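Right, one structure below, let's go through it.
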Amino acid sequence: MSKKALITGVTGQDGSYLVELLLKKKYEVHGLVRRTSTFNRGRIEKFLNLKNDKQNKKFILHYGDLVDSGSLTKILSKVKPNEIYHLGAQSHVGTSFEIPEYTLEATGYGTLKLLEAIRNLKIYPKIYQAGSSEMYGNFSANKLNENSSFHPRSPYAAAKVYAHWIAVNYREAYNMFISNGILFNHESPNRGENFVTRKITLGAAMIYLGLRKKLVLGNLEAKRDWGYAKDYVEAMWLMLQQKKPDDFVISTGKSHSVRDFCKIVFGLLNLDYKKFVISDKKYFRPTEVDSLEGDSAKARKLLGWQPKTSLKSLAKIMLKSDIEYIKKLK
Ligand code: NAP
Ligand code: GDD
């Protein structure tokens, strides 16, 4: 019998790549989706086979919400998954300053609600908890690893620190199999349009096609350790194939500034980014994370995982996809 996986956040960037990976591995995949006024299945539509009017019996969606514990209990008792990938969150750092209470509700408290529902139902799935490098706050002398301390610099990061520690606590208190991934930034053509890499590839593609003159960004000096989402969901899966739960940093180990990324992307189009990119204070955050760089030695050794995609290749993949996307819209 095939294994059953439940994904929260299935409509998001990582959810879409994880569905693809798990379906390839012959899982029966269940996803939790929120009710929204516009249909937001764009990233996962192709796995639903909606066009053929034949529902994919291996990929099933359930309405629920992380702030609604009743819905979580209902879905969990119906599906009884072997593995849970908990990716659902209000994941935008900048926006978390605008909606801090909701961010904590969904990202922090939502994780507790999910764990409590699992515990009360006495089911024993392996659980992946989507932790973030934002929890560290800033990069110091050494690359950040599983032993580095947290200093959250946003309501989002503070909520993720709560989710991380409540997962550790449930693992220790109730012997639950919960692994925290501490993932550094990962991007793709499916990245939300208001995260900086996608904003840059989309903006550059529009400028290239003559549809826009300028691209307005915030802090160009911030540095991030950017990888490819497709590589990173493999690490999530590997964490749940281990005998014991643990925490793992997933990163490339190389960091670049937002300015560097602009240079790469516009360079691919033979354009000089300086002529098009403007930095505006309105996109600066009240507290910024200036620089992040991760050390994923533990994951490389114990999971046999490593990133496969360079930043330049990632930029190429995203840019190509955005040029095609805009041409189709036109
Ligand atoms: P994303 O694209 O923003 O997707 C977030 C997902 O969470 C969406 O499916 C969203 O549903 C869902 N969601 C939000 N609030 C919810 C709620 N109240 N109830 C149920 N679902 C809810 O994020 P991502 O980039 O795929 O990231 C996946 C996870 O990894 C997140 O937890 C994120 O914080 C974490 N993470 C991401 C990165 C990264 O660089 N991408 C790095 C470290 C950690 P809708 O589609 O309905 O909005
Ligand atoms: N979004 C955005 N928009 N960021 C900008 C802009 C802009 O116009 N201009 C500069 N930046 C800077 C931000 O200030 C930040 O320093 C950096 O670009 C990256 O911003 P995001 O792409 O929004 O990502 P993030 O690092 O804040 O958060 C992402 O990665 C985390 C992992 O470290 C999200 O995916 C989080 O959910 C994830 O946990």
Report those helices (runs of 4 or more DSSP H) wholly inside region 1-90 carrying at least 1 residues which are within 16 Å of ligand 2 (Cβ to nearest atom), modelled with pLDDT of 95 or more and touching a strand residue (DSSP E or B) at 6+ places or on another chain (Cβ under 8 Å). 13-24
Return the only residue of Asp280, Asp246 being surrounded by fewer than 20 Cβ atoms within 10 Å (Cβ to Cβ) and in the same structural domain as Leu183 (by TED's automatic domain parsing). Asp246
Filter pass, Leu319 being more than 16 Å from ligand 1 (Cβ to nearest atom), loosely packed, with under 15 Cβ neighbours inside 10 Å and under 21 Å from Lys213 (Cβ atoms): no
Consider Pro286 against the criteria (1) under 23 Å from Tyr228 (Cβ atoms); (2) assigned to a loop (DSSP other than H, G, I, E, B): it satisfies all of them except one. Which criterion is unmet? (1)
Please indicate, with yes or no, whether at least one residue in region 263-272 is buried (at least 23 other Cβ atoms within 10 Å of the Cβ), away from ligand 2 (no atom under 11 Å from the Cβ) and farther than 30 Å from Gly304 by Cβ. yes
When Met318 is run through (1) out of contact with any Pro (no Cβ under 7 Å at 6 or more places or on another chain); (2) in contact (Cβ under 8 Å) with a residue 60 or more places away in the chain; (3) assigned to a helix (DSSP H, G or I), the failure sits at (1)
Within region 206-222, can one find any residue that is within 11 Å of ligand 2 (Cβ to nearest atom), in contact with a helix residue (DSSP H, G or I) (Cβ under 6 Å, 6 or more places away or on another chain), at pLDDT 95 or above and closer than 25 Å to Gly110 by Cβ? no
Take region 91-111 and flag every residue that is farther than 14 Å from Asp65 by Cβ and either part of a strand (DSSP E or B) or within 13 Å of ligand 1 (Cβ to nearest atom) (or both). Ser91, His92, Val93, Gly94, Thr95, Ser96, Ile99, Glu101, Thr103, Leu104, Gly108
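The values are calculated or read from the model by the stated rules, or taken from the named source; none is laboratory data. Predicted model only: the values in this text are computed from it and were never measured. Quick reminder, even Gly has a Cβ in these numbers, built from the backbone with ideal geometry, and neighbours come from all protein chains shown.
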